[in-house]
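Q: Have a look at this one before I ask anything.
The values are calculated or read from the model by the stated rules, or taken from the named source; none is laboratory data. Just so we're clear, the structure is a prediction, and the values are computed from it rather than from any experiment. Neighbour counts run over all protein chains shown; Cβ positions are idealised from the backbone, glycine included.
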Amino acid sequence: MGVALVTGASRGLGLATALHFARMGETVVAGVRHRARANALGRAAAAQAVDLDVVALDVTDAASVDTAVARLLDGYGRLDIVVNNAGVGLWGAVEETEDAYARILFETNVFGPLRVCRAVLPAMRRQGSGVIVNVSSIAGRVASPFGGVYSATKFALEAMSEALHYEVKPFGIRVAIIEPGTFATGFHDQRLIADPDDASAYAGLRRRWEAASARLPGRDRPGDPATVAAAVYEAATSHAHPLRRLVGADAELIAQLRRDLDDADFEQTVRRALDFWE
Ligand SMILES: NC(=O)c1ccc[n+]([C@@H]2O[C@H](COP(=O)([O-])OP(=O)(O)OC[C@H]3O[C@@H](n4cnc5c(N)ncnc54)[C@H](OP(=O)(O)O)[C@@H]3O)[C@@H](O)[C@H]2O)c1
């Protein structure tokens with residue numbers, strides 16, 4: 001049993017993960033961007049009769065990250081597991097993505113985990129132990145139309161995690177990357193939309209891609225967030241865990257095609273499966 005910090009715990013995969021860890025007997029510090037949005041988390045914890053220590057933690061704000069981690073270390077004296085889960089999505093063509101939206105994505109999905117890692121690693125190195133689980137996505141392996149900037153953040157998170165894995169292992173610290181497919185959270189509804197305008201040069205293509213990708217296996221039945229929570233827990237507690245783990249049948253299928261085919265064959269397969277030609 002240890003002390004686990006989960007970011008983005010107000011809802012979705014972070015909420016499910018915080019509750020799962022608490023049910024498994026870990027001491028959970030649940031980071032929420034705004035305390036006012038922690039009601040669903042509080043109600044779910046009460047319903048399951050588990051205790052959570054809810055703290056304000058906005059991953060885009062260095063002072064907020066440092067304060068939350070300093071208080072955690074003051075209170076518990078140690079930190080065994082960090083789950084970098086907080087994230088935002090963005091839907092839209094690369095050309096139509098303004099800097100302001102791209103910055104929100106990178107601030108949250110890349111600089112956020114980087115800030116958290118910088119804040120927690122000195123304590124983990126002193127302890128000689130710790131695990132960092134970074135929640136990426138199948139989009140961290142494969143980029144698809146209108147998901148380019150989101151994928152760019154997850155590719156960046158994967159690169160950082162892979163390097164970190166080598167760097168911190170000699171200090172007794174493990175890194176794991178979780179790559180979910182599609183899961184039933186508010187993620188889709190909350191994502192930023194680069195250009196919702198029907199006059200966009202990409203509007204027709206975007207509608208076709210949306211309709212076609214909805215036909216992918218499993219897309220009509222998004223997975224249960226509890227599956228990701230259990231995978232994150234396994235990544236955090238199993239010493240033999242690989243660096244990367246896909247979660248969900250859709251993620252596994254896409255990753256397998258990507259592994260088995262060269263670039264040209266992969267592109268043809270995607271275009272044929274989704275009937276997406278110029
Ligand atoms: N759901 C999927 O299908 C899926 C698939 C692959 C990967 N993922 C990844 O899984 C992670 C969780 O996504 P989800 O599906 O649970 O989405 P979600 O339901 O939209 O939840 C996102 C969480 O991140 C928090 N957050 C956003 N910006 C933050 C910030 N600046 N500081 C702290 N917290 C912040 C949100 O807090 P607020 O309540 O304050 O907004 C919320 O708790 C993300 O990294 C996402 O990229 C999700």
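Q: Could you tell me which residue of the stretch 79-96 is nearest to Gly14 (Cα to Cα), considering only residues that are away from the ligand (no atom under 12 Å from the Cβ) and surrounded by fewer than 22 Cβ atoms within 10 Å (Cβ to Cβ)? Talk me through it step by step, then tell me what you get.
A: Taking the stretch 79-96 first, the residues away from the ligand (no atom under 12 Å from the Cβ) are 79-82, 91-96.
From what's left, surrounded by fewer than 22 Cβ atoms within 10 Å (Cβ to Cβ): 80, 91, 93-96.
Values: Asp80: 17, Trp91: 21, Ala93: 28, Val94: 28, Glu95: 31, Glu96: 30 Å.
Across the stretch 79-96, the extreme among qualifying residues is Asp80.
Q: Here is a further query. If you take just the helices (runs of 4 or more DSSP H) that sit entirely in the stretch 167-276, which of them hold at least 1 residues that are modelled with pLDDT under 95? Reasoning before the result, please.
A: Numbers: elements: 187-190, 203-213, 225-237, 249-260, 263-274.
Result: 187-190, 203-213, 249-260, 263-274.
Q: For Gly14, all conditions in the list (1) out of contact with any Gly (no Cβ under 7 Å at 6 or more places or on another chain); (2) within 14 Å of the ligand (Cβ to nearest atom); (3) of a type outside the set (A, V, I, L, M); (4) in contact (Cβ under 8 Å) with a residue 40 or more places away in the chain hold save one; what is the number of the exception?
A: Only one criterion in (1) out of contact with any Gly (no Cβ under 7 Å at 6 or more places or on another chain); (2) within 14 Å of the ligand (Cβ to nearest atom); (3) of a type outside the set (A, V, I, L, M); (4) in contact (Cβ under 8 Å) with a residue 40 or more places away in the chain is unmet by Gly14, namely (1).
Q: Give me the pairs: first residue in the stretch 81-100 and without any contact (Cβ under 8 Å) to a residue 24 or more places away in the chain, second residue away from the ligand (no atom under 15 Å from the Cβ) and of a type outside the set (Val, Ile, Thr), beta-carbon distance under 7 Å, and six or more apart or on different chains, which are they?
A: Hits for this filter: zero, empty list.
Q: List the number of the failed condition for Leu73; all other conditions in (1) out of contact with any Gly (no Cβ under 7 Å at 6 or more places or on another chain); (2) free of Cβ contacts under 8 Å to residues at least 40 places away in the same chain hold.
A: The single condition Leu73 does not satisfy is (2).
Q: Can I ask one more? Taking only the stretch 254-278 into account, find how many residues are farther than 30 Å from Ser10 by Cα and either within 16 Å of the ligand (Cβ to nearest atom) or among the aliphatic types (A, V, I, L, M) (or both). I'd like the intermediate steps shown before the answer.
A: The initial filter retains those residues of the stretch 254-278 that are farther than 30 Å from Ser10 by Cα, namely 256-278.
Remaining after also requiring either within 16 Å of the ligand (Cβ to nearest atom) or among the aliphatic types (A, V, I, L, M) (or both): 257-258, 261, 264, 270, 273-274.
The total comes to 7.
Q: Same structure again: Listed residues Val168, Val133, Val142; which is over 30 Å from Arg271 (Cα atoms) and within 13 Å of the ligand (Cβ to nearest atom)?
A: Testing whether each residue is over 30 Å from Arg271 (Cα atoms) and within 13 Å of the ligand (Cβ to nearest atom) leaves just Val133.
Q: Also, I was wondering about something else. Among residues belonging to the stretch 40-66 that are of a type outside the set (Asp, Glu), more than 24 Å from Met1 (Cα to Cα) and in contact with a helix residue (DSSP H, G or I) (Cβ under 8 Å, 6 or more places away or on another chain), point out the one that is farthest from the ligand (Cβ to nearest atom).
A: Restricting to residues being of a type outside the set (Asp, Glu), more than 24 Å from Met1 (Cα to Cα) and in contact with a helix residue (DSSP H, G or I) (Cβ under 8 Å, 6 or more places away or on another chain), the top hit is Ala62.
Q: Provide a single number: the residues in the stretch 22-36 that are surrounded by fewer than 16 Cβ atoms within 10 Å (Cβ to Cβ), among the small types (Gly, Ala, Ser) and at pLDDT 95 or above.
A: 1
Q: Here are Arg23, Arg37: which of them is near the ligand (Cβ under 8 Å from one of its atoms) and either within 25 Å of Pro180 (Cβ to Cβ) or touching a Leu at 6+ places or on another chain (Cβ under 6 Å) (or both)? Lay out the reasoning, then the answer.
A: Numbers: Arg23 fails: near the ligand (Cβ under 8 Å from one of its atoms).
The unique qualifying residue is Arg37.
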